[in-house]
Amino acid sequence: MLDKVKSLIAEVEKATAKTNEEVENFRLKFVGRNNVINDLFEEFKKVAPEQKRELGPALNNLKNVAQSKLKELSGSIGSEGGSVEVDVTLPGTYASEGSIHPITQTRNRIIEIFERQGFNVEDGPEIDNDWNNFTALNFPENHPAREMQDTYFIEKNPDVLLRTHTSNVQTRLMNKKKPPIRAIMPGRVYRNEAISARAHCFFHQVEGLVVGENISFKDLKNTLYHFSKEMFGKNTKIRLRPSYFPFTEPSAEIDISCFICGGSGCKICKQTGWVEIAGSGMVDPNVLENCGIDSTKYSGFAFGMGIERVTMLKYQLDDLRLFSENDIRFLKQF
């Protein structure tokens, strides 16, 4: 058995390899799971005790020599003077390319449309105080939106909260800038709601504000009519339904004619021929006064829409959760 070990050591020391296949064959024979050295160690268990003193070190030496030789052969492949078998006709491997998120695409398109109408883009903090988010906007102290089930309040400071709409940017803008004002406010907002296919605890809004002399409801209607035709198609019609918001008076919900069925009725418009896209109205005089603007001289209108809702309508999606789950299969479609 000792002669067999010495013979294998000599074989290992003389081994050479010019290809990856030859290196792999060497590994399988001397270092792999079922190699010849392991077989020798199994035989070693049956050797007489007086022979183990000489045979044991020889076996360990064979194992070490084989492992060192494998490293040497592996390093020689591809080094200078070695050879590498490469099939240059095979196609390359490319990293998958990303794309702009559908929410970002819609946001950019909305901004583009309103900028052409002379609107500036304004931004503000996502964490704000009660005054900018509620009080200045004419929300009564007992308004349901102030309750914990709708708003995320900061526990250590109940006057600080995560904004529930981007209207807080409107109040900040009116406090620091005097009319004329013409701006839109896109951004992320937060509501304490259960996550479902139609609702989420965070989403995106874009609100608009125009304040100046002799601003009328007709200006509001024309602005949103132009936006709807640009966003959803030139044949789009709009409808205004009376509604109520604390910060506007009069107020109206904005519907557009269903661009999927052309008004004949489908699951998108719930067989009505119309889909809601925004809330709007004339800025309440109390809001103007709260922000230091003379309501006897100036008037204005405001509107707000959910970017997710516009995106869902545009791409005919039926689950709000898709936008935030980062499923690459979904995002690749855009």
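What follows draws every value from the coordinates through simple rules; no lab data is involved. If you're wondering where the values come from, they're calculated on a predicted model, not measured in any experiment. Cβ sites come from the backbone with ideal geometry, for glycine too, and all protein chains shown count toward neighbours.
In table form, for the structure just shown:
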{"item": "Neighbour-limited loop hits for GluC sites (Glu not before Pro), region 191-223 (at most 15 other Cβ within 10 Å; DSSP other than H, G, I, E, B)", "result": "Glu193, Glu213"}
{"item": "Computed [θ] at 222 nm, deg cm²/dmol, the chain (DSSP H ≥ 4; -39,500 (n - 2.57); rounded to nearest 500)", "result": "-11500 deg cm²/dmol"}
{"item": "In region 102-331, lysine pairs with alpha-carbon atoms under 24 angstrom apart (chain gap of 8 or more, or interchain)", "result": "26"}
{"item": "For region 106-254, Kirkwood radius (reciprocal of mean inverse C-alpha pair distance, Å)", "result": "16.7 Å"}
{"item": "Contact order relative to length of region 116-214, as percent, for alpha carbon pairs under 8 angstrom and 6 or more apart", "result": "30 percent"}
{"item": "Rounded to 5, percent antiparallel among DSSP beta bridges of region 102-331", "result": "95 percent"}
{"item": "Computed over region 2-76: relative contact order in percent, which uses C-alpha pairs under 8 Å that are six or more apart", "result": "49 percent"}
{"item": "Footprinting exposure proxy for Trp274, Trp131 (fewest neighbouring C-beta atoms within 10 Å first)", "result": "Trp131, Trp274"}
{"item": "Separation between Cα centres of region 254-315 and region 104-183, rounded to whole Å", "result": "16 Å"}
{"item": "Relative exposure of Ile293, Ile268, judged by other C-beta atoms within 10 Å (fewest first)", "result": "Ile268, Ile293"}
{"item": "For region 1-146, average projected area of the Cα convex hull in nm²", "result": "24.0 nm²"}
{"item": "The chain: relative contact order as a whole-number percent, Cα under 8 Å and 6+ apart", "result": "15 percent"}
{"item": "Dipole magnitude of region 102-331 about its Cα centre (Cβ charges: Lys, Arg +1; Asp, Glu -1), debye to nearest 20", "result": "900 debye"}
{"item": "For region 2-76, diffusion coefficient by Stokes-Einstein and Kirkwood Rh (Cα), 25 °C, 0.890 mPa s, µm²/s", "result": "191 µm²/s"}
{"item": "Partnerless Cys - the chain, beta-carbon criterion under 4.7 Å", "result": "Cys201, Cys291"}
{"item": "Inverse mean reciprocal Cα-Cα distance (Kirkwood Rh) of the chain, Å", "result": "25.9 Å"}
